[in-house]
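A short worksheet on the structure shown next.
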Number of protein chains: 2
Amino acid sequence: MPVDQVTQNALRHVAHHMADAARVETLKHFRTSLAADNKCDDSYFDPVTEADRAAERAMRDVLAEHRPDDAILGEEYGATSGESGLTWVLDPIDGTRGYISGTPTWGVLIAVSNENGPIYGIIDQPYIGERFEGGFGRAELAGPHGQRPLGVRQGRALSEATVLTTFPEVGTAQERAAFEAVANRARLTRYGMDCYGYALLAAGQVDLVIEAGLNAYDIQAPIAVIEAAGGIVTDWSGGPAHNGGRALAAATPALHAEAMAILQAAL
Amino acid sequence: MPVDQVTQNALRHVAHHMADAARVETLKHFRTSLAADNKCDDSYFDPVTEADRAAERAMRDVLAEHRPDDAILGEEYGATSGESGLTWVLDPIDGTRGYISGTPTWGVLIAVSNENGPIYGIIDQPYIGERFEGGFGRAELAGPHGQRPLGVRQGRALSEATVLTTFPEVGTAQERAAFEAVANRARLTRYGMDCYGYALLAAGQVDLVIEAGLNAYDIQAPIAVIEAAGGIVTDWSGGPAHNGGRALAAATPALHAEAMAILQAAL
């Protein structure tokens, strides 16, 4: 289902409105002594804050008013069906561990998807005031030092590449070993960036982001932003990544192929 | 040698002037396609950028004009002797790996030391526009969302604590094992924050920062800011950390003692 220009503009307008609303809610509690819940079993620490829930509610309120026929998939409040063929995929705070630690690398993720995956996305960092946007012919960063186009960087082989991931653990032991096989051949590896790593790839600052154990709402906005900036995101086998699981994001097809061959050989 | 109130005010004024000058230089090249040199041997990747050198020169120019009798120890241009009994300890870009990756967690570090160690310090993050300041009776953050006092948080045992470090590798294999012995008993461990981790400790967001292989210019400003915010920084044996090496920064004496006992048992 193609989305016409008028609808694209309407979707962009609504997405920015949602991101603005989520900024207000996430910043209310950021760097305050909030109580973090623990929604998972005790083997895995995944805090969910009041800010997380309030930000998703604020975004859903915008959708209820402006896009009542679209479906929603949100981290906090699950799936809401719709009839337009479009789904909003929302992570109100991606990187809750970073959020509760006060780091400026968590983000609000907003994607619009059709039956084939994400077609538009926003990665917003409320504390810095940075918004990375991609889709509908646009790839742009608006931040504290102005606006600039997003674009991946070209021509780096793995030996010259910077690789990012959130956790040194990267999923299972086998997945970690596969990640390390790639990282060991890269020039530089950095950790702890949450969704900000994908934004840096779209901005041409790093070359690869490799993760595992993702949910759809963790990866759909990054896919839209990176693809709009000229990059490529798949799972570790080259298939679609928008349903979550393992993700391999690369600046170029050549680098993507080089990293994927190593991941495959190590699995 | 005590520093009188008039001198304290002059030192603060000069330090902010230096931080402002370093912001200009570091931001000129941040997120541009700069060429990173490699000043170390090929076993250890430590890029030094033109921005690093330009920022230190800009800070030294301020000192030459306003504090010509003070000594200087800078990462890029080494030691300059002085006769006042005070030394400026400068790291123009702490976290050069973060800087070249585009992350917002590197910083400009400025400390003033006497014969006993740092008495005043600034941790500045130019891209976000955040300045963490401590010493001379002041502990304060000025950032994009206004000013607020800095203060460590109280009352967390290690089992409830958040631990930060820059690299999962943390120095030697033995040092890494000791770090992991502490991290394994903490609630949450995060990586990749460079000097920003110390700032978050002073801001009451995290409880411990543990690092190794530091230089004096990496740790003196963090010591001043954290101590001013009510925290404690020593080496892993409880001795002074201001000459570099291993650092253990903690929000409270109890948490410091708990972590140090584990580090000592593991070494």
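Checking the structure you have, find out if any residue of the range A:234-254 is under 21 Å from A:Ala266 (Cα atoms) and either among the hydroxyl-bearing types (Ser, Thr, Tyr) or within 12 Å of chain B (Cβ to nearest Cβ) (or both). Yes. What are the residues in the range A:240-254 that are of a type in the set (Gly, Ala, Ser) and surrounded by fewer than 23 Cβ atoms within 10 Å (Cβ to Cβ), if any? The answer is A:Gly244, A:Gly245, A:Ala254.
Taken together, B:Ile223, B:Ile219, B:Ile210 contain a single residue that is in contact with a helix residue (DSSP H, G or I) (Cβ under 7 Å, 6 or more places away or on another chain), under 28 Å from B:Tyr77 (Cα atoms) and either among the basic types (Lys, Arg) or surrounded by 21 or more Cβ atoms within 10 Å (Cβ to Cβ) (or both), which is B:Ile210.
Can you tell me which residue in the range B:66-116 is farthest from the other protein chains (Cβ to nearest Cβ), limited to those that are in contact with a His (Cβ under 9 Å, 6 or more places away or on another chain) and surrounded by fewer than 20 Cβ atoms within 10 Å (Cβ to Cβ)? So, considering only residues that are in contact with a His (Cβ under 9 Å, 6 or more places away or on another chain) and surrounded by fewer than 20 Cβ atoms within 10 Å (Cβ to Cβ), the one farthest from the other protein chains (Cβ to nearest Cβ) is B:Asn116.
Please work out which residue is nearest to the chain's Cα centre (by Cα), limiting yourself to the range B:164-181 and to residues that are hydrophobic (A, V, I, L, M, F, W, C) and facing chain A (nearest Cβ under 10 Å). Of everything passing the filter in the range B:164-181, B:Leu164 is nearest to the chain's Cα centre (by Cα). Restricting attention to the range B:200-219, the residues that are more than 12 Å from B:Thr165 (Cα to Cα), within 14 Å of chain A (Cβ to nearest Cβ) and under 12 Å from the mean Cα position of the chain (by Cα) add up to 1.
Answer yes if at least one residue in the range B:182-192 is aromatic (Phe, Trp, Tyr) and without any contact (Cβ under 8 Å) to a residue 60 or more places away in the chain, and no otherwise.
Yes, the range B:182-192 has at least one match.
What is the residue count in the range B:135-176 for residues that are aliphatic (A, V, I, L, M), touching a Ser or Thr at 6+ places or on another chain (Cβ under 9 Å) and outside any loop (DSSP other than H, G, I, E, B)? Outline the logic, then answer.
Kept after step one, since they are aliphatic (A, V, I, L, M), are these residues of the range B:135-176: B:139, B:141-142, B:150, B:152, B:157-158, B:161, B:163-164, B:170, B:173.
Next, only the ones that are touching a Ser or Thr at 6+ places or on another chain (Cβ under 9 Å) stay: B:152, B:163-164.
Next, only the ones that are outside any loop (DSSP other than H, G, I, E, B) stay: B:163-164.
Selection size over the range B:135-176: 2.
Listed by first and then second residue, the pairs with beta-carbon distance under 7 Å, at least 6 apart or on different chains, first residue in the range B:3-20 and closer than 21 Å to B:Pro126 by Cβ, second of a type in the set (Asp, Glu), are B:Ala19/B:Asp124.
Closer than 20 Å to A:Ala254 by Cβ, under 20 Å from the mean Cα position of the chain (by Cα) and within 13 Å of chain B (Cβ to nearest Cβ): does that describe A:Thr189? Before you say what the answer is, go through the steps one by one.
On the way: closer than 20 Å to A:Ala254 by Cβ: yes; under 20 Å from the mean Cα position of the chain (by Cα): yes; within 13 Å of chain B (Cβ to nearest Cβ): yes.
For A:Thr189, the condition - closer than 20 Å to A:Ala254 by Cβ, under 20 Å from the mean Cα position of the chain (by Cα) and within 13 Å of chain B (Cβ to nearest Cβ) - is met.
Are any residues in the range B:71-89 at negative phi, in contact (Cβ under 8 Å) with a residue 40 or more places away in the chain and in a loop (DSSP other than H, G, I, E, B), and if so, which ones? Correct list: B:Glu75, B:Leu86. Among the residues that make up the range A:35-50, is at least one of them over 17 Å from B:Leu188 (Cβ atoms) and either within 14 Å of chain B (Cβ to nearest Cβ) or at pLDDT below 95 (or both)? Yes, some residue in the range A:35-50 is over 17 Å from B:Leu188 (Cβ atoms) and either within 14 Å of chain B (Cβ to nearest Cβ) or at pLDDT below 95 (or both).
Of all residue pairs spaced 6 or more apart or on separate chains, those with beta-carbon atoms under 7 Å, a first member in the range B:155-166 that is assigned by TED's automatic domain parsing to the domain that holds B:Met260 and a second member that is β-branched (Val, Ile, Thr) and part of a strand (DSSP E or B) are B:Val163/B:Thr189; B:Val163/B:Ile210; B:Leu164/B:Val209; B:Thr165/B:Val209; B:Thr165/B:Ile210. Total residues in the range B:127-146 satisfying the condition of being more than 19 Å from B:Thr26 (Cβ to Cβ) and either charged (D, E, K, R) or within 8 Å of chain A (Cβ to nearest Cβ) (or both): the figure is 3.
The values are calculated or read from the model by the stated rules, or taken from the named source; none is laboratory data. Remember, it's a predicted structure, so these values are computed and weren't measured experimentally. Reconstructed Cβ throughout: ideal geometry from the backbone, glycine too, with neighbour counts over all protein chains shown.
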